[in-house]
């Protein structure tokens with residue numbers, strides 16, 4: 001199979017096989033030691049993304065399923081909206097950072113497949129999963145399927161200039177506000193396909209993570225389309241965390257009832273890092289310094305708490321606490337990635353060497369224990385002896401590339417890279433030439 005680009009007629013397999021070539025590097029993050037920035041850059045461009053470019057480009061329909069521990073596709077089983085949307089966001093964001101054409105090809109391929117198989121053209125929104133043939137398998141309308149799709153479409157618009165992506169992002173933003181937002185300003189977690197009432201259990205709960213990922217998606221949309229309405233929605237969610245969620249307990253509570261009573265004692269150290277960091281990005285995007293200072297205070301508190309309670313004696317951060325309040329017996333890849341983001345941010349505004357030392361030690365632990373030198377990418381879960389355990393897949397319904405891609409570029413390029421608004425001339429000739437040629441990819 002061939003594609004015409006301004007480079008000439010080239011086999012698509014060239015883009016699949018050329019996975020170890022260097023990505024162009026602009027300017028690395030000067031706020032941290034250069035060896036850390038360079039290592040993170042090398043990880044994302046040589047160790048992580050090439051595996052995912054291969055995985056995406058060998059899918060004829062552009063929709064990815066699971067990928068084994070050795071990087072091989074798992075041809076049976078469902079394909080998830082969350083994983084595919086996160087991958088689309090990652091490819092588009094990485095393309096904007098590197099201008100590497102393989103990443104744009106992967107993003108465009110994923111975009112076409114994602115909207116073809118997951119978009120519900122009758123009732124709106126995105127399905128939760130499709131089967132191996134691309135037919136709806138779980139057609140429920142989970143909030144996270146909508147938020148991650150919105151997140152991905154806005155980033156893809158920034159990378160491609162494709163107005164259909166922005167249209168879809170806006171349509172999902174409206175859907176989330178109309179269908180999912182409740183009278184108290186919180187967001188419901190799930191509906192049936194036709195948006196009929198959710199189960200009483202779901203209706204009577206407020207999930208902290210789901211509120212967070214609405215904010216994450218709207219922040220991305222605001223960066224490409226800054227409107228007062230989006231800013232107002234972001235401000236509301238930030239206040240929800242500052243007034244209701246953060247003060248409820250010392251760790252980030254994961255689940256509340258509708259009266260804001262904490263329901264589940266289990267805690268996730270990764271969310272202790274991720275939640276305040278994403279709120280900080282939102283405050284920076286809307287240029288709200290007052291709320292940003294409040295969020296930074298909560299971030300430092302949660303980072304200090306997790307450094308005290310969540311560090312594993314052998315290196316890295318534990319997953320969290322179980323329902324009995326006991327430390328879990330595993331560590332997970334995404335928790336290390338989100339720890340990097342929060343540690344870098346707290347060091348940036350405090351200039352306290354303790355956080356830089358913790359950040360440096362974390363990346364030494366990543367290098368020693370998490371990097372799969374045989375099959376590329378990172379291991380998904382480690383046991384207390386720091387051996388791969390549990391979920392060994394490199395991709396599945398939840399396991400994806402975005403936590404590590406985002407953390408690596410945030411470290412190598414600085415977190416401001418995540419806040420870059422779209423420029424009028426950002427899309428280039430390559431994008432314009434390739435985008436119309438993807439049918440039959």
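In a Gaussian network model over the chain where Cα atoms closer than 10 Å are linked, find which of 152, 85, 69 has the largest mean-square fluctuation.
Looking only at 152, 85, 69, the biggest GNM fluctuation is shown by 69.
Å³ per residue of the Cα convex hull, for segment 67-125?
106 Å³
Can you pull the semi-axes for segment 240-345, root of five times each eigenvalue of the Cα gyration tensor, sorted largest first, whole Å?
With the √(5λ) rule applied to segment 240-345, the semi-axes are 23, 18, 10 Å.
Beyond 24 Å, how much of the Cα-Cα pair distribution for segment 204-423 remains, as a whole percent?
Values: 10329 of 24090 pairs.
So the portion of pairs separated by more than 24 Å is 43 percent.
For a footprinting-style exposure proxy, rank 230, 366 by other Cβ within 10 Å, fewest first.
With the fewest neighbours first, 230, 366 line up as 230, 366.
Report, in whole Å, the centroid distance computed from the Cα atoms of segment 370-415 and segment 89-118.
20 Å
With the cut-off at 1.5 for a/c, could you classify segment 77-203 from its C-alpha gyration tensor as rounded, prolate or oblate? Working shown, then result.
Working: a/c = 2.32, a/b = 1.59, b/c = 1.46.
Note, shape of segment 77-203 comes out prolate.
Just want the ordering: 93, 118, 35, 273, from fewest to most Cβ atoms lying within 10 Å of their own Cβ.
In increasing order of surrounding Cβ atoms, one gets 35, 118, 93, 273.
Tell me whether segment 184-251 comes out rounded, prolate or oblate; compute the Cα gyration tensor, take square roots of the eigenvalues as a ≥ b ≥ c, and use a/c under 1.5 as the rounded threshold.
Oblate.
Less than 18 Å from a label point 7 Å out along the Cα-to-Cβ axis of residue 293: which backbone N atoms in segment 243-257 qualify, by residue?
243
Once you have the alpha carbon radius of gyration of segment 30-151, what is it after dividing by 2.2 N^0.38 Å, with N set to its residue count?
Relative to the 2.2 N^0.38 Å estimate, segment 30-151 comes out at 1.14.
Which ordering of 254, 299, 64 is given by a fewest-first count of other beta-carbon atoms within 10 Å?
The most exposed by this proxy come first: 254, 299, 64.
Would you calculate the separation in nanometres between label points at residue 232 and residue 416, each defined as 7 Å from the Cα along the Cα-to-beta-carbon direction?
Those two pseudo-labels are separated by 3.2 nm.
For segment 120-135 and segment 35-64, compute the distance between their C-alpha centroids and round to whole Å.
26 Å
If you stretched the chain out fully between residue 361 and residue 122, how much longer would it get, using 0.36 nm times the residue separation minus the C-alpha to C-alpha distance?
81.0 nm
Would you please report the Å³ per residue occupied by the convex hull of the alpha carbon atoms in the chain?
For the chain, the hull spanned by Cα atoms encloses 134 Å³ per residue.
Considering every pair of different Cα atoms, what Kirkwood radius, in Å, is found for segment 276-327? It would help to have the intermediate numbers written out before the result.
Working: mean 1/r = 0.0798 Å⁻¹.
Roughly 12.5 Å, rounded to one decimal.
State, to one decimal in nm, how far the label point of residue 27 lies from the label point of residue 313, with both points 7 Å from Cα in the Cβ direction.
4.6 nm
Computed from the coordinates by the stated procedures, all read-outs in this text should not be read as laboratory data. This structure is a prediction, so every number in the text was calculated from the model and none was measured. Reconstructed Cβ throughout: ideal geometry from the backbone, glycine too, with neighbour counts over all protein chains shown.
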